[in-house]
Structure formats: C-alpha cells, structure tokens
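Here the structure is laid out as structure tokens; the discussion comes afterwards.
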Amino acid sequence: MNKFEQLKSLIASAEEDAAKFYDKGNKAAGTRLRKHMLDVKELAQEVRKEVSAIKDEE
C-alpha cells in the first residue's frame, strides 16, 4: 500500500505544473510535467508488479 500512497502523492505534486502548463502555457512547467508523468509510469509499473506478486503468493 506504501507504493500506492507514493503514487497518489506524486500525482498531487504534478498538479501545480499541469495547471501552469495547460492554463498559462508555461513551457518549462510542461517539461517538469513530462518528468512527473515518467515517474508516475515507473511507479505504477512497480505497483503492478507488487500486486501480481501478492496475488501469486495466495
């Protein structure tokens, strides 16, 4: 559950950059947002692996 909480926190931290990029057209915020989304992707993959491992144990 810890990784899932990290994922939620990461998405929340990306929200400010998303608003700056989409609402104000700030290109630097877009670059940071892309980085956040890459981190989300990697962490989501870890969550998927964790869930599969737990399911396989049962």
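Rule-based calculations on the coordinates, nothing more; no lab input. What you are looking at is a predicted structure, and each value in this text was computed from that prediction instead of being measured. So basically every Cβ, Gly included, is an ideal-geometry build from the backbone, and we count neighbours across all protein chains shown.
Tell me whether the range 26-39 contains one or more residues that are in a helix (DSSP H, G or I), touching a residue at least 24 places away in the same chain (Cβ under 8 Å) and among the hydrophobic types (A, V, I, L, M, F, W, C). Step through it out loud before you land on a result.
Applying the first criterion (in a helix (DSSP H, G or I)) to the range 26-39 yields 27-39.
Remaining after also requiring touching a residue at least 24 places away in the same chain (Cβ under 8 Å): 36, 39.
Those left that are additionally among the hydrophobic types (A, V, I, L, M, F, W, C): none.
Checked the range 26-39: no residue is in a helix (DSSP H, G or I), touching a residue at least 24 places away in the same chain (Cβ under 8 Å) and among the hydrophobic types (A, V, I, L, M, F, W, C).
Matching residues to (1) surrounded by fewer than 11 Cβ atoms within 10 Å (Cβ to Cβ); (2) over 14 Å from the mean Cα position of the chain (by Cα):
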site	(1), (2)
PHE4	no, no
ILE11	no, no
LYS20	no, yes
ASP23	yes, yes
GLY30	no, yes
ALA53	yes, yes
